[in-house]
Amino acid sequence: MRLGVLDVGSNTVHLLVVDAHPGAHPWPAHSEKTLLRLAEQIGPDGAITAAGADSLVEAVAAARTAAIEWQTSELIAFATSAVRDATNSAAVLARVRAETGVHLQVLSGADEARLTFLAVRRWFGWSAGRLLVLDIGGGSLELAAGVDEEPHLAQSLPLGAGRLTRERLGITPDTLSPPSAEFVAELRDHVDAQVRPLIPQLQAQGWDRAVGTSKTFRTLARLAGAAPSSAGLWASRRLTRTGLRQVTGFIRHIPPTELSELEGVSASRGHQLLAGAVVAESVMRQLSIDSLDICPWALREGVILRQMARLEPIPG
């Protein structure tokens with residue numbers, strides 16, 4: 001079966017086409033992204049602007065066309081924090097459906113955490129024991145912990161790298177100067193205060209393996225010396241707190257416009273990297289995590305796995 005998964009996030013609209021069968025590894029057949037930066041197209045009233053809605057409709061329509069060309073039997077489409085938090089999300093979703101025929105399901109932050117946890121559990125398997133999973137997105141931070149495929153704890157906080165870059169650091173992709181030490185310190189204090197109430201709950205769950213997933217964690221790990229993407233999907237990658245601290249101390253002095261020149265840093269998200277590093281450091285420090293394993297699977301793979309479980313026939 002060929003499935004299409006359309007992820008409307010804070011930064012991109014990402015179509016992933018996979019060949020998947022119940023009980024089998026889902027293999028990517030095609031992937032394409034449209035840089036939309038939807039979260040940056042939200043007005044002072046909290047609504048997605050007319051231009052932002054136009055761009056979203058255009059991107060979703062193009063993705064649907066590509067999904068048809070790749071002969072997908074089903075297109076699973078979902079949206080995360082940028083659409084979820086918009087004050088006019090219902091109207092925008094209705095317009096997308098009317099003009100493209102695509103029904104975008106809005107995932108809650110807790111659902112994001114659960115589906116990402118499922119993907120990580122399947123990647124590492126039962127031998128990983130109790131898992132703690134951290135995922136830094138554009139608009140939110142997801143945290144999940146548990147021993148099964150369904151986490152016992154799934155939480156979401158408004159601490160996405162893109163959100164904090166805009167709202168706390170005042171940085172855009174065109175900002176020429178790095179933020180002041182005072183701004184970075186204020187950001188760290190804000191993140192610490194948001195994360196702190198969850199620390200006792202996460203510690204009570206316990207974990208045998210702490211895992212980071214998402215583009216932010218993968219990029220930070222690469223800058224700290226992890227294997228490049230050319231090493232393949234199966235290469236073991238880790239991010240240590242020491243390595244993260246060194247990376248953070250380095251990138252905080254680099255102008256946002258120049259961060260994308262670093263190896264492994266994408267042009268579309270380079271300016272958000274410092275905020276993501278501050279979030280990662282805060283969580284690792286407050287939970288006394290010395291090292292994170294990096295998982296290449298995340299939310300999109302979790303959506304695929306959940307769909308495949310629904311299609312799996314009952315033996316007998």
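Points worth noting:
- With K and R counted +1 and D and E -1, the other residues having a Cβ less than 14 Å from that of Ala47 yield a net charge of -2.
- Within-10-Å neighbourhood charge of Val18 [Cβ basis; K, R +1; D, E -1]: 0
- Taking segment 168-284 and dividing mean pair separation by its residue count, relative contact order in percent (alpha carbons under 8 Å, at least six apart): 39 percent
- Computed magnitude of the charge dipole of the chain (debye, nearest 20; Cβ of K, R +1, Cβ of D, E -1): 480 debye
- Put Leu292, Leu223 in order of accessible area, highest first, and with a 1.4 Å probe you get Leu223, Leu292.
- Average accessible area per residue (Å²) across segment 190-316 - probe 1.4 Å, nucleic acids and ligands excluded: 45 Å²
- DSSP bridge analysis restricted to segment 75-153 gives an antiparallel fraction near 80%, rounded to the nearest 5.
- Helix content alone sets the calculated 222 nm mean residue ellipticity of the chain: runs of n ≥ 4 DSSP H residues at -39500 (n - 2.57) each, divided across all residues, give -12500 deg cm²/dmol.
- Kirkwood-type radius of the chain, with distances r between different C-alpha atoms, in Å: 19.9 Å
- Rounded, prolate or oblate (a/c below 1.5 giving rounded, otherwise prolate when a/b exceeds b/c) for segment 165-294 by Cα gyration tensor: oblate
- Within the full protein context, the accessible area of Glu261 is estimated at about 140 Å² for a probe radius of 1.4 Å.
- DSSP bridge pairs, the chain: antiparallel proportion in percent, nearest 5: 65 percent
- Per-residue surface analysis assigns Arg122 an accessible area of about 100 Å², computed on protein heavy atoms at 1.4 Å probe radius.
- Approximate spin-label separation Glu99-Asp192, in nm, with each point projected 7 Å along Cα-to-Cβ: 4.6 nm
- Dipole of the chain computed with +1 at Lys/Arg Cβ and -1 at Asp/Glu Cβ about the Cα centre; of Val106, Ala47, Ala221, farthest Cα towards the positive end is Ala221.
- For segment 1-160, a/c is not less than 1.5, where a ≥ b ≥ c are the root eigenvalues of the C-alpha gyration tensor, and a/b does not top b/c. That puts it in the oblate class.
- Excluding ligands, DNA and RNA, the accessible surface per residue across segment 49-160 is 39 Å² with a 1.4 Å probe.
- With DNA, RNA and ligands ignored, accessible area of Glu258 (1.4 Å probe; Å², nearest 10): 80 Å²
- Here the accessible area of the chain is 50 percent carbon and sulfur, with a 1.4 angstrom probe and all protein chains present.
- Principal axis extents of the Cα atoms in segment 113-161, from largest to smallest and rounded to whole angstrom, are 31, 18, 13.
- Computed over the chain, relative contact order equals 18 percent, with contacts defined as Cα pairs under 8 Å that lie 6+ residues apart.
The values are calculated or read from the model by the stated rules, or taken from the named source; none is laboratory data. Please read these numbers as outputs of a predicted model, since none were measured by experiment. Backbone-built Cβ (ideal geometry, glycine too); neighbour counts: all protein chains shown. For accessibility, only protein heavy atoms count, side chains too; no ligands or nucleic acids. Shrake-Rupley method; radii C 1.70, N 1.55, O 1.52, S 1.80 Å.
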